[in-house]
Amino acid sequence: MCKSRNVTLRMRTLKMKRRALPTVREEPPRLNSDLVLYGIVTAAAVLSYFNSFNGEFVHDDIPAIVTNPDVIGTNSLRQVFDNDFWGTPMSDVNSHKSYRPLTSLSFRLNHAFSGLKPWWYHVSNVVLHAICCALVASACTSVARLQRPFALLAALLFAVHPVHTEAVAGVVGRADVLACILFLASLLLYHRPSKNKKCVWLSIMLGALSMLAKETGLTILLINLVFDFYKCWPFMKKSLSSLEMGKCTRLTMRTLKVMLSTALLVSFRLSLLHGALPAFSNQDNPAAFHPSFFVRLMTFCYLAAFNWWLLLCPWTLSHDWQMSSVPIITSAWDPRNLLTCAALGAMLLLSYRCIADMQVQRHTPAVIGLLILVIPFVPASNMLVTVGFVIAERVLYIPSVGSVIVTAYGAQLMWCSKPGAKAFLAVGFAVLAASSVAKTYRRNADWRDRATLLRADLATLPQNAKLHYNFGNVLRETEQYDAAIQHYKEAIRLWPTYASAHNNIGTILSNVDNAEHHFLQAIKYNWRHVNAHYNLAKLYKKSGHTDLAIRMLEKCNWLQPRFILAHLELLTVKPEAEHPAIMYRVLQLEPENWEHYVMYGRWLRNKGIPLVASKLFIEAARLSFKQCAVARAVKSDLVSVRHAALMYRSLGQKWRILQLLTRWHTWHRGRYDAAATHMYLRDWRLKMDLQARIKIYSEAVNPTKSTTCFDHKQLSVEATQSNDDRNQNKDELVKNNKNKQSNHESVVNDTEIDNKENNVCVYKTRGTKTQNISIPSQLKTIHNKSETGLKAKTCSNNRKEKKVTKTNVIPSVDGPLEHVMIKMA
């Protein structure tokens with residue numbers, strides 16, 4: 001029997017399949033349904049974050065969404081893949097180098113459906129969090145092999161964990177949630193008990209998409225590979241002992257696929273850096289800039305242990321942990337090193353247990369939990385690369401999956417090995433879940449708006465200088481200047497070299513000497529502080545020191561060539577001869593800004609160059625129509641169109657004014673396609689042409705202007721009138737019209753003569769041009785129908801006009817004429 005079993009085992013090693021994980025005990029039918037499991041988890045996730053729906057855009061949401069041209073639609077879709085997460089080109093030296101186009105596309109999709117309404121963004125975040133919780137439950141049962149009650153416990157702890165509030169309640173945290181969804185999907189697909197070879201490639205593809213949501217998502221490929229080796233270790237060990245490595249063909253192929261794909265993805269990600277790492281300052285991560293290696297090592301190890309502590313006890317939470325929030329550890333006798341040693345000891349014991357169990361594989365949940373806990377956190381630990389933060393709760397979103405798996409597996413072991421502790425475990429985890437829900441619900445309320453979040457975090461971390469600085473900005477925006485100055489000074493006390501705090505104090509102070517002192521202090525502590533140079537230049541300009549102002553503004557342009565405000569300020573202090581070069585430079589820096597075109601056009605108009613100015617005004621109008629989807633406080637299209645219309649009026653081109661106003665009105669009526677615009681323009685031209693013909697007819701027959709319909713008897717010509725009299729009257733009309741034409745600047749050369757009727761009329765249109773047009777057959781001076789007894793009918797002119805205005809194809813013009821009236825001066 002033993003011999004037969006050995007033969008069976010040898011046949012399985014030839015195929016080199018991944019070893020099946022040990023079976024688990026089946027649970028009662030009421031928890032055996034996956035639908036019930038997923039329903040409970042998703043309901044808990046939605047209810048825990050229900051009060052975050054009414055939150056506003058706060059903290060990083062503003063630069064990542066509200067002012068991000070990739071999100072609001074100013075940039076094209078192609079630029080989304082060329083820019084970083086904040087809308088800056090990856091090739092720019094000031095880029096943050098965070099490449100997350102998938103997350104930016106999700107924000108852009110939100111904007112396409114709901115604009116900048118925060119409610120929809122928060123709802124999307126909560127929905128994605130609920131999906132992620134369902135995937136956590138699936139991973140706990142199928143990959144970690146937890147029993148279903150404890151898989152439910154792990155998913156519930158993940159759903160209500162308070163440390164996730166920054167990733168879910170903060171809209172910009174969607175990057176972590178979206179990356180976690182793809183992370184878990186790749187994990188489930190790679191370790192799916194299937195013989196389909198495409199699962200590996202699909203898993204790699206999901207890992208690449210997770211990297212495009214956030215960089216840490218790429219670590220799933222390493223986790224899949226390590227866990228695959230763990231499951232295949234018994235077969236690998238036997239193959240190594242028998243020197244028959246050919247039996248590991250499938251594992252070798254999977255390894256090659258994953259390693260090659262990982263290398264390609266890492267190379268692609270590094271190529272996006274364009275040879276430069278992101279530049280961070282001492283304020284962002286003070287420990288990373290300390291000269292001592294041992295100080296950096298002790299501080300980074302403590303920060304890793306503190307992050308693990310936040311997963312176990314998320315009591316102290318803040319959206320910003322910079323600037324003295326976590327003091328640097330400079331001595332080995334610092335008591336905080338005890339926490340580092342405790343965390344390191346627990347990690348070593350857990351790792352030893354996992355390694356010792358590789359042969360029998362009885363603690364699979366501990367292995368996968370430890371891998372997910374440690375590996376995704378390594379990029380944010382400052383061990384490989386320097387990051388721009390001290391502690392960020394949102395980066396714990398993926399590692400928390402491993403933490404809850406290890407916690408639930410510990411509860412499962414205690415439940416099975418110590419039956420007397422079941423009541424204690426049940427009560428303890430019930431209290432833990434309830435307290436987590438309460439803390440999450442309370443923390444969501446803090447994320448309601450910017451001021452509330454800063455007040456709550458200042459109560460938690462009063463030693464954080466950046467929180468005082470940001471709260472001072474909020475007070476300054478609400479014109480509470482005295483309180484703002486107090487918080488700025490407190491930030492300077494906590495962080496004496498805080499250049500931005502000095503700069504903002506200078507903008508509030510009315511005393512010129514004190515303001516100049518703070519601006520100079522800001523430049524002293526940060527010589528590349530562009531805003532301090534700019535504010536100091538404006539102060540010098542106000543006090544009459546023009547030379548110093550020009551010097552500071554030129555320094556701004558040297559420090560940051562794309563600083564538009566400095567270029568615009570130079571227009572007010574430099575000689576007028578240099579203005580064209582400055583304005584041309586501004587147009588090059590921001591070619592999509594309509595205001596610069598209007599500014600340059602007005603300058604050219606004042607200098608007597610109307611043709612070039614009109615082109616700039618038209619370009620400004622075109623850009624305004626192009627950016628019509630962007631919400632603005634100023635009606636840019638109205639401003640640019642008004643300037644263009646004034647220019648055309650000064651040139652005497654009133655027909656172009658009509659076309660411009662037609663286009664503007666068509667856009668405001670919601671007709672964006674060219675066909676509708678063309679039809680609307682045809683309607684307007686036809687209406688104007690008919691009115692002009694009526695005027696010609698009335699002036700030719702009856703020089704006195706009348707608003708009533710002409711009597712046909714008045715329009716008829718006596719049959720006894722001689723041809724000589726007719727020719728004489730015609731010559732007098734032509735002579736009078738020629739005298740009128742000599743008073744105008746432009747004359748239309750198109751002249752049409754109806755030889756059949758021998759009736760010639762020369763008329764003047766409503767514009768500045770005149771036309772000579774023959775009277776059509778409908779406007780003959782002799783109406784045959786009126787002579788045959790049909791005198792009760794109205795004249796043909798009114799019938800024709802009524803027929804045109806009632807058509808269903810071309811819209812009416814009477815309404816639009818009321819809306820296109822613009823004050824022209």
Task: Residue satisfying all of: in the stretch 510-542; surrounded by fewer than 18 Cβ atoms within 10 Å (Cβ to Cβ) and not in a helix (DSSP H, G or I); nearest to the chain's Cα centre (by Cα) among these - done: Arg528
- [ ] Can you tell me which residue among Leu370, Leu344 is open to solvent by 50 Å² or more (accessible area, probe 1.4 Å), part of a helix (DSSP H, G or I) and at pLDDT 90 or above?
- [x] Leu344
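Run down Phe300, Phe306, Phe229 and say which single residue is of a type in the set (A, V, I, L, M, F, W, C), out of contact with any His (no Cβ under 6 Å at 6 or more places or on another chain), assigned to a helix (DSSP H, G or I) and farther than 30 Å from Glu393 by Cα. Spell out the reasoning first.
Values: Phe300 fails: farther than 30 Å from Glu393 by Cα; Phe306 fails: farther than 30 Å from Glu393 by Cα.
Just one listed residue meets the conditions, Phe229.
Based on what the data block shows, is Lys466 open to solvent by less than 60 Å² (accessible area, probe 1.4 Å) and either farther than 22 Å from Tyr534 by Cβ or part of a helix (DSSP H, G or I) (or both)?
Values: open to solvent by less than 60 Å² (accessible area, probe 1.4 Å): yes; either farther than 22 Å from Tyr534 by Cβ or part of a helix (DSSP H, G or I) (or both): yes.
Taking the combined requirement at face value, the residue satisfies it.
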- [ ] May I ask you to list the residues in the stretch 469-504 that are part of a helix (DSSP H, G or I) and closer than 9 Å to Met323 by Cβ?
- [x] Tyr469, Ala491, Leu494
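So which of Val612, Val634 ends up being loosely packed, with under 15 Cβ neighbours inside 10 Å, at pLDDT below 75 and among the β-branched types (Val, Ile, Thr)?
Numbers: Val612 fails: at pLDDT below 75.
Testing whether each residue is loosely packed, with under 15 Cβ neighbours inside 10 Å, at pLDDT below 75 and among the β-branched types (Val, Ile, Thr) leaves just Val634.
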TODO: State which residue is nearest to Asn94 (Cα to Cα) when the search covers only the stretch 268-286 and only residues that are part of a loop (DSSP other than H, G, I, E, B) and among the aliphatic types (A, V, I, L, M).
DONE: Ala279
Open item on the list: Just to be sure before I move on: is Ser138 closer than 21 Å to Tyr38 by Cα, surrounded by fewer than 24 Cβ atoms within 10 Å (Cβ to Cβ) and over 23 Å from the mean Cα position of the chain (by Cα) in the structure I sent?
Closed with: yes
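Of all residues being touching a helix residue (DSSP H, G or I) at 6+ places or on another chain (Cβ under 8 Å) and without any contact (Cβ under 8 Å) to a residue 60 or more places away in the chain in the stretch 302-314, which is least open to solvent (accessible area, probe 1.4 Å)? Just the residue, please.
Ala305
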Open item on the list: Let me spell it out: the conditions are (1) under 16 Å from Ala175 (Cα atoms); (2) out of contact with any Lys or Arg (no Cβ under 8 Å at 6 or more places or on another chain); (3) buried (at least 22 other Cβ atoms within 10 Å of the Cβ), and Val58 meets all of them except one. Which number is the exception?
Closed with: (2)
TODO: Please identify the pairs in which a residue from the stretch 373-386 that is without any contact (Cβ under 8 Å) to a residue 12 or more places away in the chain has its Cβ atom under 8 Å from the Cβ atom of a residue that is surrounded by fewer than 21 Cβ atoms within 10 Å (Cβ to Cβ) and assigned to a helix (DSSP H, G or I), counting only partners at least 6 apart or on another chain.
DONE: Leu384/Val378
TODO: Those residues that are in contact with a Ser or Thr (Cβ under 6 Å, 6 or more places away or on another chain) and open to solvent by 30 Å² or more (accessible area, probe 1.4 Å), I need them from the stretch 112-130; list them, please.
DONE: Trp120
Open item on the list: Please determine whether any residue of the stretch 81-89 is closer than 30 Å to Phe50 by Cβ and open to solvent by 10 Å² or more (accessible area, probe 1.4 Å).
Closed with: yes
Open item on the list: So, in the stretch 320-350, how many residues would count as being in contact with a Leu (Cβ under 7 Å, 6 or more places away or on another chain) and among the small types (Gly, Ala, Ser)?
Closed with: 2
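The values are calculated or read from the model by the stated rules, or taken from the named source; none is laboratory data. None of these values were measured; they are calculated from a predicted model. Cβ coordinates were reconstructed from backbone atoms using ideal geometry, including for glycine residues, and neighbour counts include every protein chain displayed. To get the accessible areas, we keep the full protein, side chains included, count just its heavy atoms, and leave off ligands, DNA and RNA. Shrake-Rupley method; radii C 1.70, N 1.55, O 1.52, S 1.80 Å.
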